[in-house]
Amino acid sequence: MCGIVGYVGHRQALDVVLGGLRRLEYRGYDSAGVAVLDGAGALRVQRKAGRLANLEAQLDADGRQTFAGTAGMGHTRWATHGPPVDRNSHPHRDASNTVAVVHNGIIENFAELRTELEAEGVELASDTDTETTAHLIAAAYATGETAGDLPASVRAVCRRLEGAFTLVVTHAGVPDQIVAARRSSPLVIGVGDGEHFVASDVAAFIEHTREAVELGQDQVVVISRDGYEVTDFAGEPAQAKPFTVDWDLSAAEKGGHDYFMLKEIEEQPDALANTLRGHFHNGRITLDEQRLADQDLRDIDKVFVVACGSAYHSGLVAKYAIEHWCRLPVEVELASEFRYRDPVLDRDTLVVAVSQSGETMDTLEAVRHAREQKARVLAVCNTNGAQIPRESDAVLYTHAGPEIGVASTKAFLAQIAANYLVGLALAQARGTKYPDEVAREFAELANTPAAVQKTLATSEQVRALGREIADSKAVLFLGRHVGFPVALEGALKLKELAYMHAEGFAAGELKHGPIALIEQDLPVVIVMPSPKGRAVLHSKLVSNISEIQARGARTIVIAEEGDDAVRPYADSLIEIPATSTLLQPLVATVPLQILAAEIARSRGYDIDKPRNLAKSVTVE
Ligand code: M6R
């Protein structure tokens, strides 16, 4: 959730850290702060509630030259403990102002640690869990076995912490080092020439280096100008995994768009093409990392898809395909509910964990629960080397590139495509589809980037519609079959971006309650199935629309080109290219993303950083 960056090198740390924070602000934007070591034993700290711009203005007022130094760190916060005010902003310091700490995650035993510190006479200056660690590290550095040894002091404190955390620590007396630690919360090391970085994700340092190292679970790293050293929490040397980032700075910039989200919507054809690329070789579907034998896939007798938010909706779409292609029962479950309801799992269960970030705590805990119960876990993830793929038996990466807008768009479409590849891989291993059928399905998938590109041509029409309905008090979304999860996704986009009441329904449920919501001029978006592919459902939806229209609602219909039967029932008709039934969500979702973005823009909201949200949710 929070964004963290640390730097030691030959440049001015403040510039590097602020540059990194600008790229990490999507992770949290309640407050921001920096600490710079001046090399002469002083620690300069500034922090401010609100967006990063507030901090930058304060630094200008302070005089940026007073923050000179080549080692430093910074933080953008998504508040957990304590409201987003200056005193709760990171970095937090000990009483002597020698230790500074930034933190992502939740320290679950912080109340106990706080009581202990208060009993020792320490006065805490904030409401946060983080501040306790600054006091504990300062105490460990001051006396006892770890005295004068910052990495050892950090390790000793980490061994006492419960929960999930990434910590980055500086000490005024050690101006040439930064120490970072992680447990169940992300941290990567950037390896430059005469400079090293630590950050929540590679976007923070991609401008300077593409050489990165994933810090493992319960590991500590010390970075200096000339190198980095990794140990476990006990101080034993440990291995961390190096990798080269496969995208460059331009992918993390707006490229002429006002918002990242608008750029990401337009990148969807590429995101789909890149996700599919390389996964069909010599007539066979392949995954990225498969630590599962084909026999394991043949033995599977039940599939669970676990995920949150949009990723969960991608799982709902996948259910239709996997059941149809593999003749396997598929349950799709919100990750936050999964492990608390005692699901029936064994070694013949496949759990597909879908996550753009690969660090969503609810999904990670669901993965852990599944593995404890001996189920096989396959991760669908957009972030190389994140925790969820690391803890899974097999991985399929969605190569959507960095998604910076908080609302998921290109990652969502890439998840649907990747989930379909998982379905085809299962069908192939289990023999429920002949090789030529798998090849045909893949060939159809390979046509979807072009279909999405064509759908983007509806943008102007959809935007105009968005402006017309921007003052509505609510919007309903209806669909059937794979159109139902599309309706849920359309409603989620509108809620999170435009702060509008929006609900998605299975259209068949309308008469069982939701029709009571229909009133004069209420916008209702209907996702129509293909009249050829799903003729029965098509005619049922036409009946649903006429029932809605009869009650005065404004009907906005997303329908396949040439669907003349629905035309008389559509107050607004948005035409999308024809696809096969299962692939329709890949095109039908696009106008709903554009609609939500335009409504939010008309209402004056920042569509990249919706209120109260953060891009990755690393707390339960
Ligand atoms: O990183 P993940 O895919 O695990 O994130 C899951 C959800 O938090 C995410 O899809 C969220 O719902 C988006 N903001 C939706 O636009």
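The values are calculated or read from the model by the stated rules, or taken from the named source; none is laboratory data. No experiment lies behind these values; they were computed from the predicted model shown. Cβ sites come from the backbone with ideal geometry, for glycine too, and all protein chains shown count toward neighbours. The protein model used for the area step is the full one, side chains on, heavy atoms only, and it has no ligands, DNA or RNA in it. Shrake-Rupley method; radii C 1.70, N 1.55, O 1.52, S 1.80 Å.
Details
- Lone unmet requirement of (1) open to solvent by less than 20 Å² (accessible area, probe 1.4 Å); (2) closer than 30 Å to residue 360 by Cβ; (3) over 31 Å from the mean Cα position of the chain (by Cα) for residue 114: (1)
- Here residue 264 clears all of (1) crowded, with 23+ Cβ neighbours inside 10 Å; (2) closer than 30 Å to residue 108 by Cα except the condition numbered (2).
- Residues considered: 585, 591. Of these, the only one that is under 18 Å from residue 468 (Cα atoms), in contact (Cβ under 8 Å) with a residue 24 or more places away in the chain, out of contact with any Phe, Trp or Tyr (no Cβ under 7 Å at 6 or more places or on another chain) and in a helix (DSSP H, G or I) is 591.
- When the stretch 519-541 is filtered for residues that are closer than 25 Å to residue 462 by Cβ and open to solvent by 20 Å² or more (accessible area, probe 1.4 Å), the ones remaining, listed by number, are 519, 520, 521, 531, 532, 533, 534, 537.
- Residue among 66, 70 that alone is at pLDDT 95 or above, under 26 Å from residue 141 (Cβ atoms) and surrounded by fewer than 24 Cβ atoms within 10 Å (Cβ to Cβ): 70
- Per the conditions (1) within 16 Å of the ligand (Cβ to nearest atom); (2) without any contact (Cβ under 8 Å) to a residue 60 or more places away in the chain; (3) aliphatic (A, V, I, L, M), the sole criterion not satisfied by residue 613 is (2).
- The condition (being open to solvent by less than 50 Å² (accessible area, probe 1.4 Å), within 16 Å of the ligand (Cβ to nearest atom) and either over 35 Å from the mean Cα position of the chain (by Cα) or small (Gly, Ala, Ser) (or both)) is satisfied by just one residue among 506, 502, 553: 502.
- Matching residues in the stretch 73-100 - criterion: being under 26 Å from the mean Cα position of the chain (by Cα) and of a type in the set (A, V, I, L, M, F, W, C): 73, 78, 79, 85
- Of all residues making up the stretch 556-571, the number that are more than 36 Å from the chain's Cα centre (by Cα) and not charged (D, E, K, R): 5
- Selection status of residue 530, closer than 27 Å to residue 577 by Cα and hydroxyl-bearing (Ser, Thr, Tyr): yes
- Looking across 54, 88, one residue alone is closer than 22 Å to residue 406 by Cβ, touching a Lys or Arg at 6+ places or on another chain (Cβ under 6 Å) and of a type in the set (S, T, N, Q). It is 54.
- The residue that is farthest from the chain's Cα centre (by Cα), counting only those in the stretch 353-374 that are more than 25 Å from residue 212 (Cα to Cα) and touching a residue at least 40 places away in the same chain (Cβ under 8 Å), is 370.
- Filtering the stretch 120-138 to residues that are touching a residue at least 40 places away in the same chain (Cβ under 8 Å) and over 33 Å from the mean Cα position of the chain (by Cα) leaves only 138.
- Just so you know, in the stretch 210-231 the residues that are touching a strand residue (DSSP E or B) at 6+ places or on another chain (Cβ under 6 Å) and open to solvent by 30 Å² or more (accessible area, probe 1.4 Å) include one that is nearest to residue 194 (Cα to Cα), and it is 225.
- Test for residue 239: is it assigned by TED's automatic domain parsing to the domain that holds residue 161, more than 16 Å from the ligand (Cβ to nearest atom), open to solvent by 40 Å² or more (accessible area, probe 1.4 Å) and not β-branched (Val, Ile, Thr): yes
- When residue 419 is tested against (1) surrounded by fewer than 23 Cβ atoms within 10 Å (Cβ to Cβ); (2) among the polar types (S, T, N, Q); (3) more than 22 Å from residue 185 (Cα to Cα), just one condition goes unmet, and that condition is (1).
- Verdict on residue 126 being surrounded by fewer than 23 Cβ atoms within 10 Å (Cβ to Cβ) and polar (S, T, N, Q): yes
- The lone exception for residue 451 - which of (1) open to solvent by 30 Å² or more (accessible area, probe 1.4 Å); (2) outside the structural domain of residue 583 (by TED's automatic domain parsing); (3) in contact (Cβ under 8 Å) with a residue 60 or more places away in the chain it fails: (1)
- The lone criterion from (1) open to solvent by 30 Å² or more (accessible area, probe 1.4 Å); (2) within 18 Å of the chain's Cα centre (by Cα) left unmet by residue 188 is number (1).
- The set of residues in the stretch 142-191 being of a type in the set (Gly, Ala, Ser) and not in a helix (DSSP H, G or I) consists of 144, 147, 148, 163, 164, 172, 173, 180, 181, 184, 185, 190.
- Taking the numbered list (1) assigned by TED's automatic domain parsing to the domain that holds residue 402; (2) open to solvent by less than 50 Å² (accessible area, probe 1.4 Å); (3) at pLDDT 95 or above in turn, residue 465 passes all entries but (1).
- Selected residue (criterion: farthest from residue 555 (Cα to Cα)) from residues of the stretch 486-499 that are away from the ligand (no atom under 13 Å from the Cβ) and crowded, with 24+ Cβ neighbours inside 10 Å: 486
- Single residue of the stretch 362-383 satisfying the filter (open to solvent by 10 Å² or more (accessible area, probe 1.4 Å) and assigned to a helix (DSSP H, G or I)) that is farthest from the ligand (Cβ to nearest atom): 372
- Leading residue by the ranking (farthest from the ligand (Cβ to nearest atom)) among those in the stretch 384-419 that are of a type in the set (Gly, Ala, Ser) and not in a loop (DSSP other than H, G, I, E, B): 394
- Residue match in the stretch 289-302 (condition: open to solvent by less than 60 Å² (accessible area, probe 1.4 Å) and of a type in the set (S, T, N, Q)): no
- Any hit, the stretch 314-326, residues being among the hydrophobic types (A, V, I, L, M, F, W, C), within 21 Å of residue 389 (Cβ to Cβ) and open to solvent by 10 Å² or more (accessible area, probe 1.4 Å): no
- For the stretch 509-524, filtering for residues that are closer than 20 Å to residue 573 by Cβ and either touching a Gly at 6+ places or on another chain (Cβ under 6 Å) or within 14 Å of the ligand (Cβ to nearest atom) (or both) leaves 0.
- Test: residue 61 is free of Cβ contacts under 8 Å to residues at least 12 places away in the same chain and of a type in the set (A, V, I, L, M): yes
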